[in-house]
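Notes follow the structure.
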Amino acid sequence: CVLCGRTDDCPEKYGEKRTYVAYNLTFHYYCLLMSSGIWQRGEEDEGVDGFLIADIRKEVNRAAKLKCNICKKKGASIGCVAPKCRRSYHFPCGIQRECIFQFMEDFRSYCWEHRPVQKFSDKVSRGTSQCTICLDSVEQLPMYTVLKSPCCKNAWFHRDCLQYQALSAGIFFFRCSVCNNKDKFQKEMLRMGIHIPEKDASWELEENAYQDLLQRYQHCDVKRCFCKKGRDYNEPDSKWEIKRCQCCGSRGTHLACSAMKSWEQNWECLECRSILGKSGNYSKQKKRSLATSEKTDGTTCFLEEPSPKCPRQSPGSQRNFLLQSPKVMHQNNLSPCSHREHPASNRLTMSLSPLMSDRNCSLRKKHLKQQRMEVSNILKELKLQVNTKTTRVNINAENIWNSALKGFRQRNFSPTNTIEIQFTNSKNRSNIDTSASKHSFFQLLMLHLQNSSLFEGSSTKNLSLDLQALEENLYFEAGKMIAISLVHGGPSPCFFSKTLFNCLVYGPENVKPVLEDVVDVDVAQMIKMIKYANSLPSLQSAIDDCYEFLAAAGCLRPITSLCDKNILVNDILIHHVIKRIISPLESFRQGLKTLGVLEKMQMHPDAFASILCHKPGRLSAETICNLFTIHSSSAVNKPEGADFWIHYLQDVESGESVVTLEDILFFTTGSNSIPPIGFDPEPTIDFSQRSYPIGNRLLNCLKLPITETYEQFKNKMEFTIRNTLRVERE
């Protein structure tokens, strides 16, 4: 080096060693940068990063006349900036003598006598601590080799550790490894002579460093592959698309090879299935992407399988409610199935009292029901924004997400317009929009979102981190779709975790996640090792095992006692569950602001939690009975028809029928569940002289036949509903 005279090539200590053969110059970059008699007078592309060659030669000549106060040799180009101090030295000599070089502003240098020091209050404890970078012990003393964090009370570092971390992280990622503070921390470290290069982090500059993460597993691993083009063949949006194991992602199958009809169905490989089976978490029941069929006594019903936790009652079981004699009021000068507001006297009144042994469960269900009624009124208020102008959305049920995304992003789409759904891939589907089409669309859309890569978790879900989805603004679109579904009469997602819901309502800074929110098995195991460590050595061992993860997450902290593990566990949970997905969360929140839904969620959190965090309860005969308003024309006066209807609902609920309550609701309205906002128009029942029941889904009207006996009524109901839904399904 023409300035310090050394041949050492140590970029970490002296900067890059550069040689310019044309000018016969070799120097360390830091020696040039810190020299007192030279400035960058040129542009960035002139000379050496703005240092002109002529100026460099002048500085070399100036330094040749100055003797180093440390090694006593010529070439001391750096001088102390303290007033009246005349010490000069080489850059390497200054490092050895513990001088301070400030890599900022005017690039000042201070000798060992005038160098800046950190000030410590008398309250700061003296003794040994742990460097939060290398985890070795460090003396808590105002020394050159030891630095204290300006933003954390008990964070101490070795100077060399900080310098190596700064060179690796660069100005964009260098921050306090305990609290993640950046501005205050960097300002103090620059003052104390830590060089923070203006470059990206070293791990970001490595070529193809993340290439492996971009490779998706594409191979069919089932025992017998039916694809003629081989196990590696993958054709998106077809039966030969490869579906990966939802647990490990390292095994795959063609949809056709595992008899899957839809991409939304989950699939586990044999290894993961055996693990889940041993842990008791595996259920052979598969999730359905559509309302699916359930066979009872050889008949087919268009309905999802019942939850294993709520099985149907066996035939002959106790009735779920008692009834009193209904009173049916005649209605004059009113057409059947009219959906105008009816007088209260025309509503069939029934007193239905559940037979429940557990009072607490009854009160809880009653409270949940009240909250859902409150949500219904709130959503009806929001629906007043929707005008009569219609926007048609063409939907392909086999590719529900892309077609919905395309429809919602079209130029003429507005959330305040009435939405018409046109299914384009069904030959039997009418060209006229029906409420059934809209119900089916929103139901499929919510099911797709639940199983999409935007969310992670089993029964309750948090947002996941999908960088491609974030770049394509899909989190915003998902929030927007959920808001539109709620206001336009669709179902609610029902799969939000409490943590996700609280982040949306109260803000992520006010939420404390729990271990159950962590889906990543390795991270969950790491947290458990720390959480359940019963001694300081075992805790330290657990921290050593996951040092790289903690360093990358900014969760490293000094551990002096066993109780410190609780703070560390909380830091890890906040980073992994909340901070890691803060960008997707904000985008999702913006989407939920559509039609004012998020604002109402924040005003009525308990009410909205009942529909976003809880699945709707199974339909009961009482619910169906209260849902429908019964009317009869002036020509028909058959109160016993209402008795047959109630008796039939009892039989269906107790399992003495081949159809279900959900089938009856779907036959009438096109939806097998009651949407949070309710039905518009409200469902009605009309008794008249006809051979079989008819479901008018435009008016949500169920037209029932008048029969002489209950058996005739029941047979006609089951024959019509069962066969109608079977034909629709086919």
(request) With a point put 7 Å past each Cα toward its Cβ, work out how far Val521 is from Ser238 in nm, to one decimal. (result) 3.3 nm
(message) 7 Å from Cα along Cα→Cβ at both Ile95 and Tyr532: what's the point-to-point distance in nm?
(response) 4.8 nm
(request) At a Cα cut-off below 19 Å, give the aspartates and glutamates reachable from Lys239, other chains included and same-chain residues fewer than 8 away excluded. (result) Asp221, Glu264, Glu268, Glu398, Glu730
(message) Expected output is a single nm value to one decimal: the length gained when fully extending between Val727 and Leu205, i.e. 0.36 nm times separation in residues minus the C-alpha distance. What is it?
(response) 181.9 nm
(message) If I take R0 = 51 Å and measure r between the Cβ atoms of Asp212 and Thr709 in this structure, what FRET efficiency does the formula 1/(1 + (r/R0)^6) give, to the nearest 0.05?
(response) 0.10
(request) Show which aspartates and glutamates lie in cross-link reach of Lys600 when reach means a straight Cα distance below 12 angstrom and same-chain residues fewer than eight apart are skipped. (result) Glu374, Glu381
(request) Taking H placed 1.01 Å from N in the peptide plane, check which residues at least 5 places from Ile242 or on another chain put their amide H under 5 Å from its amide H. (result) Glu235
(request) Compute the Cα gyration tensor for the range 11-110, then decide on rounded, prolate or oblate, letting a ≥ b ≥ c be the square roots of its eigenvalues: rounded whenever a/c is under 1.5, prolate when a/b is larger than b/c in the other cases, and oblate in all that remain. (result) prolate
(request) Using the Karplus curve 6.51 cos²θ - 1.76 cosθ + 1.60 with θ = phi - 60°, work out ³J(HN,Hα) for each residue of the range 402-416 in order, rounded to whole Hz, and write x for Gly and Pro. (result) 5, 5, 5, 4, 5, x, 6, 9, 5, 4, 8, 7, 9, x, 8
(request) Please label the shape of the range 363-616 as rounded, prolate or oblate, based on the square roots a ≥ b ≥ c of the eigenvalues of the alpha-carbon gyration tensor (a/c under 1.5 means rounded; beyond that, a/b larger than b/c means prolate, else oblate). (result) prolate
(request) Return the lysines within reach of Lys369: Cα separation strictly under 18 angstrom, same-chain partners fewer than 8 residues apart disregarded; answer none if there are no such residues. (result) Lys380, Lys615
(message) Suppose each label sits 7 Å from its Cα in the direction of the beta carbon; what would the Met143-Lys615 distance come out to in nanometres?
(response) 6.2 nm
(message) Exceeding 19 Å between C-alpha atoms, which entries from my cross-link table qualify? They are Lys438/Lys593; Lys383/Lys593; Lys153/Lys579.
(response) Lys438/Lys593; Lys153/Lys579
(request) Using only the alpha carbon atoms of the range 533-607, find the Kirkwood hydrodynamic radius as the inverse mean reciprocal pair distance, in angstroms to one decimal. (result) 15.0 Å
(message) Ignoring ligands, DNA and RNA, please state the percent of accessible area on the range 363-616 from carbon and sulfur, probe 1.4 Å.
(response) 51 percent
(message) Please list, ordered by chain and number, the residues whose modelled amide H lies under 5 Å from the amide H of Cys701; skip anything fewer than 5 residues away on the same chain.
(response) Thr684, Asn696
(request) Enumerate by residue number the GluC sites (Glu not before Pro) in the range 45-135 meeting two conditions: DSSP loop (anything except H, G, I, E, B), and at most 11 other Cβ atoms within 10 Å of the site's Cβ. (result) Glu105, Glu113
(request) Putting +1 on Lys and Arg Cβ atoms and -1 on Asp and Glu Cβ atoms, find which of Trp203, Phe174, Tyr164 reaches farthest to the positive end of the dipole of the range 128-204. (result) Phe174
(message) Loop only by DSSP, 14 or fewer other Cβ within 10 Å of the Cβ. Give me the chymotrypsin sites (Phe, Trp or Tyr not before Pro) in the range 1-60 that pass, ordered by residue number.
(response) Trp39
(request) Over the Cα atoms of the range 128-204, compute the convex hull volume and normalise it per residue, giving Å³. (result) 80 Å³
(request) With a 1.4 Å probe and every protein chain kept in, tell me what percent of the accessible surface of the range 621-729 is carbon plus sulfur. (result) 47 percent
(request) Compute the length gained on full extension between Asn266 and Glu46: take 0.36 nm times their separation in residues and subtract their Cα-Cα distance, giving the result in nm to one decimal. (result) 73.1 nm
(request) Determine the gain in length on full extension of the stretch Ala82-Asp545; use 0.36 nm per residue of separation and subtract their C-alpha separation, reporting nm with one decimal. (result) 162.0 nm
(request) Using a/c under 1.5 as the rounded threshold, could you call the range 621-729 rounded, prolate or oblate? The axes a ≥ b ≥ c are square roots of the C-alpha gyration tensor eigenvalues, and prolate needs a/b larger than b/c, oblate otherwise. (result) rounded
(request) Compute, for Asp221, the solvent-accessible surface of its heavy atoms (probe 1.4 Å) with the complete set of protein chains present, and express it in square angstrom to the nearest 10. (result) 60 Å²
(message) Give me a comma-separated list of calculated 3J(HN,Hα) values for the range 46-61, in order, Karplus coefficients 6.51, -1.76, 1.60 applied at θ = phi - 60°, integers in Hz, x for any Gly or Pro.
(response) 9, x, 10, 6, x, 7, 6, 4, 4, 5, 5, 5, 4, 5, 4, 5
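The values are calculated or read from the model by the stated rules, or taken from the named source; none is laboratory data. Not measured: the values here are computed from a predicted model. Cβ coordinates were reconstructed from backbone atoms using ideal geometry, including for glycine residues, and neighbour counts include every protein chain displayed. Accessible surface areas use protein heavy atoms only, side chains included; no ligands, DNA or RNA. Shrake-Rupley method; radii C 1.70, N 1.55, O 1.52, S 1.80 Å.
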